[in-house]
1. Taking segment 120-194 as the region of interest, what is the percent of Cα-Cα pairs per 10 angstrom bin, listed from the shortest bin to the one with the maximum distance?
2. Whose amide H sits under 5 Å from the amide H of R145, counting only residues 5 or more places off or on another chain, with H placed in the peptide plane?
3. Under 5 Å between amide hydrogens, which residues at least 5 positions from T182 or on another chain qualify, with H placed 1.01 Å from N in the peptide plane?
4. With an 8 Å Cα cut-off and a minimum separation of 6 or more residues, compute the relative contact order for segment 260-401 in percent.
5. Just the number please: accessible area per residue for the chain, 1.4 Å probe, all protein chains included, in Å².
6. What GluC sites (Glu not before Pro) in segment 210-292 are in a loop by DSSP, with at most 10 other Cβ atoms within 10 Å of the Cβ?
7. Considering only DSSP states other than H, G, I, E and B, which trypsin sites (Lys or Arg not before Pro) in segment 325-389 qualify as loop sites with at most 10 other Cβ atoms within 10 Å?
8. Quick one: compute the contact order of the chain, relative version, from alpha carbon pairs under 8 angstrom and 6+ residues apart, as a percent.
Amino acid sequence: MDASPLDIDRIRRDFPILQKTVNDKPLVYLDNAATAQKPQAVIDAISNYYSGCNANVHRGVHRLSVDATDAYEGARSKIREFIGAGRVEEIIYVRGATEAINLVAQTYGQANVGTGDEVIISTLEHHSNIVPWQILCKQLGATLRVVPINDAGEFLFDEYEAMLGPRTKLVAINHVSNALGTINPVKRIVEKAHEHGAAVLVDGAQAVPHVMVDVRALDCDFYTFSSHKLFGPTGVGALYGKFDILEAMPLYQSGGDMIKSVTFEKTTYNDLPYRFEAGTPNIAGAVGLGAAIDYVTELGMDNIARYEHDLGRYAAEALSSVPEVRLIGTAREKAAVVSFVVDGVHPHDIGTILDQEGIAIRTGHHCAQPVMERFGVVATARASMAFYNTRDEIDKLVDAVTKVIKVFR
Ligand code: C6P
């Protein structure tokens, strides 16, 4: 076995749901790319917020409101540090990665993309990083261009370089693919885009929970992620944007908190980051996200990445040793995600039978239909791992898949 500094048995005890049985079997949770489980520290932080200092933020001089504001803004500072941003003003709370991408498309995109211009994405994108750009391009008469991938599910860099030109205004790319686990060469993608004067949005939904992210080292213009995949609560996430870009961006939603003063004649708008945070935010969610960041920081993102890399390889090797299993996505740089198909067995049947064994995986198109189309499948079965998963659980997965194959033979 490995010599990981992570004490997985102890870590597993931090997650109440991992003690559960499903269909009288110990839960094997391998659907972390869909959403990750929450440690007790996150559950407590949310509960303590509601029982100890629930109030609205930025609006009151009373004790509770001051405490709630401190907790909410404290979590923003944790996000800044966690992703290596320079200033807290560069961190905007959103509902999640999807909202962040829509925000950038309808603000930065509306202001900087024109008729005849081009937006570049890749075949690997989640629908949340396709549809907002499709809509924007349609609104503006711009063109959406798609960088293809090879048979391993890797971004084709040469094709990307050839696509870049004076009309390229924006590149939107995921850091890690949710459907295949491919890790994209984001730093090089950003460098090339900048040589052509194009801005880059990185969808980090599947990266932030698994690898160390440093937005300044990447030099991306925008970076987005969702709390719920980072062991925090649903309904909250963050958009990072470079300060000068955010300052120049048109407004998104309007209402309370994003203003400085309002008369019927004229409204003046708030400073960053509040200018993009209209309405009462998800305060408890932000506090929970802050606790999740504390939790993974304590474990060490490098330790997490190393452990998961080993586990992902183990899973890929174990599954590919089953002759009927075909892996979809075999990139050299991969997160701990294994997508696979079994000829003659629908992935939904695999998922349903695995559930009877207490094993949770996702089956379907994973909101990445163009990836499925590229590989000529309608769906895959996907096991996505986190640092609390073990080799023993992977062995159970492989045994269960073998059982499924026997049922259908
Ligand atoms: N992928 C999955 O099972 P939201 O829903 O906004 O939190 O995240 C959207 C999103 C954006 N980009 C990537 C790369 C993603 O993986 C996801 C969410 C989940 O793969 C749910 S569809």
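The values are calculated or read from the model by the stated rules, or taken from the named source; none is laboratory data. This structure is a prediction, so every number in the text was calculated from the model and none was measured. Cβ atoms come from the backbone with ideal geometry, glycine included; neighbour counts cover every protein chain shown. Ligands, DNA and RNA are excluded from the accessible area calculation, which covers all protein heavy atoms including side chains. Shrake-Rupley method; radii C 1.70, N 1.55, O 1.52, S 1.80 Å.
1. For segment 120-194, the pair-distance distribution reads 19, 54, 26, 1.
2. V119, I120, I121
3. When sequence neighbours closer than 5 places are left aside, the close amide H contacts are S177, A335.
4. RCO, segment 260-401: 21 percent.
5. Per-residue value: 41 Å².
6. Here the sparse-neighbourhood loop sites are E265.
7. Sites meeting the loop and neighbour criteria: R332.
8. It comes to 23 percent, rounded to a whole number.
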